[in-house]
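Values in this text are rule-based calculations from the coordinates and carry no lab data. Just so we're clear, the structure is a prediction, and the values are computed from it rather than from any experiment. Every residue, glycine among them, receives a Cβ derived from its backbone with ideal geometry; neighbour counts consider all protein chains shown.
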Amino acid sequence: MTRIFIRMPSIEKLSFTTLSVLHTLSLRSPMRLSELIATEQVTQSAMTQLVIRLERDGLVERRPDPSDGRAVLVRITPQGAKVIDSRRTERIMQIGKLMERLTPEERTSIASALPALTRLAELGND
């Protein structure tokens, strides 16, 4: 399923890492740069460059951490949130089209599994 989601065509042509950072920030904004580095498992220089590019594109903003002047907080902007929301809407429509090709029994099986899959996703976000 992950491969299917990653390879689905999209209006927004952004890298997997870029989308991952935006998605993370859409759930837990603001975050310290060091937290993003740990979450996304990239180097400090790679994350710094990505955040600079995202800030230039208006998708995130950086601010000094009021509790620690040496740290930077990264926050998703409304424009960045819109990218994530539109991508989610696109994916839902595309999955819906795939679901239409399943038998009623297959759709029922998937619907029955949704509570467990939701719980699994929640556990993965802890």
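Structure summary
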quantity: Extreme residue, surrounded by the most Cβ atoms within 10 Å (Cβ to Cβ), among residues of segment 59-89 that are more than 16 Å from Leu19 (Cβ to Cβ) and small (Gly, Ala, Ser); calculated: Ala71
quantity: Conditions (1) loosely packed, with under 10 Cβ neighbours inside 10 Å; (2) over 22 Å from Thr39 (Cα atoms); number of the one not met by Gly124; calculated: (2)
quantity: Helices (runs of 4 or more DSSP H) enclosed by segment 14-112 - at least 3 residues per element that are touching a residue at least 24 places away in the same chain (Cβ under 8 Å) and of a type in the set (S, T, N, Q); calculated: 16-28
